[in-house]
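Below: the structure, in structure tokens.
The values are calculated or read from the model by the stated rules, or taken from the named source; none is laboratory data. Treat the numbers as computed from the prediction; the structure is a model and nothing was measured. Reconstructed Cβ throughout: ideal geometry from the backbone, glycine too, with neighbour counts over all protein chains shown.
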Amino acid sequence: MPHINKKRPDTRLQIIQLAARLFIDEGYTNTSFAKIAKILDISTGNITFYFKSKEHLMAVLVEEIFDFQEKLLEQAANEGRTSMLAYCLEITTISAACEEDEVAKDLFVSAYSSEMILNLIRENDTEKTKRIFGQYHPEWTDEQWAATENIVSGIEYATFVASEESVPLPLRIETALNTILTIYGVPEEMRKIKISKVFALDYRTLGKRVLGEFKEYVNNVNEKNLKQAIREKRKK
């Protein structure tokens, strides 16, 4: 559990820090304003002063997910991987993490089930896919990219959310990647190459590693922001 400063240097950031930790360690569904308030020794009214609902609080974590994913894309480029392969690995590692970790699954199911959060995801991913697949559809308008992302996000959700009746993870991943790349106009031979490179990796282990790196990233970012707020308040 993060260190709680009883002097309340910045209540909003302490709420974010604790909520993010609870969301990714115990699950979004199992986290309530009452639990956050009890740990921080504040009223739930203090929380709703900053965040209208739990969804609004989760939106902060989702923005941190976006930042983390951008850093992974940058890392992939530095390692000589294409942005398209990095995109495929992003979908694959999230699917693997949801398969292996019930808390991760709860987080993504909750995100994709919230209209507000899903709109954030679609807006972010529309811009990302325009960069990655723009060469295949230079004539597409912003509306076409957005409409396509609405379809793709549904495919992603179906891939992440497995049930006892679901097809095996490898088949879900292969089908999802092939369908999404086809939608974005990637030629068949290129699709085969990207998918084969994904399956050449130990993607289950990679999913666990990326999930661990994300947790560390969130903890570091929120701790850094809180410490910065403390320093700024001390200067006043």
Tell me which residues, restricted to the stretch 51-67, are loosely packed, with under 15 Cβ neighbours inside 10 Å and assigned to a helix (DSSP H, G or I).
H56, E63, D67
Looking at the stretch 68-75, can you tell me whether even one residue there is on the phi < 0 side of the Ramachandran plot, aromatic (F, W, Y), modelled with pLDDT under 95 and crowded, with 19+ Cβ neighbours inside 10 Å?
no
Here are some residues: V198, V186. Which one is crowded, with 16+ Cβ neighbours inside 10 Å, hydrophobic (A, V, I, L, M, F, W, C) and either touching a His at 6+ places or on another chain (Cβ under 7 Å) or outside any loop (DSSP other than H, G, I, E, B) (or both)?
V198
In the stretch 42-71, residues that are polar (S, T, N, Q) and under 25 Å from R209 (Cα atoms) total 1
What pairs come out if I take residues in the stretch 115-135 that are outside the structural domain of Y87 (by TED's automatic domain parsing) and pair them with residues that are surrounded by 18 or more Cβ atoms within 10 Å (Cβ to Cβ) and at pLDDT 95 or above whose C-beta lies under 9 Å away, six or more apart or interchain?
none
State whether the residues of the stretch 140-160 include one that is touching a residue at least 60 places away in the same chain (Cβ under 8 Å) and farther than 19 Å from F108 by Cβ.
no
Suppose we filter the stretch 161-183 for residues that are surrounded by 13 or more Cβ atoms within 10 Å (Cβ to Cβ) and without any contact (Cβ under 8 Å) to a residue 24 or more places away in the chain; how many remain?
3
Would you mind telling me which numbered condition in (1) part of a helix (DSSP H, G or I); (2) among the β-branched types (V, I, T); (3) at pLDDT below 95 I42 fails?
(1)
E90 being assigned to a helix (DSSP H, G or I), free of Cβ contacts under 8 Å to residues at least 40 places away in the same chain, closer than 28 Å to T129 by Cα and not aliphatic (A, V, I, L, M):
yes
Would you say I91 is surrounded by 16 or more Cβ atoms within 10 Å (Cβ to Cβ), out of contact with any strand residue (DSSP E or B) (no Cβ under 6 Å at 6 or more places or on another chain) and under 30 Å from L181 (Cα atoms)?
yes
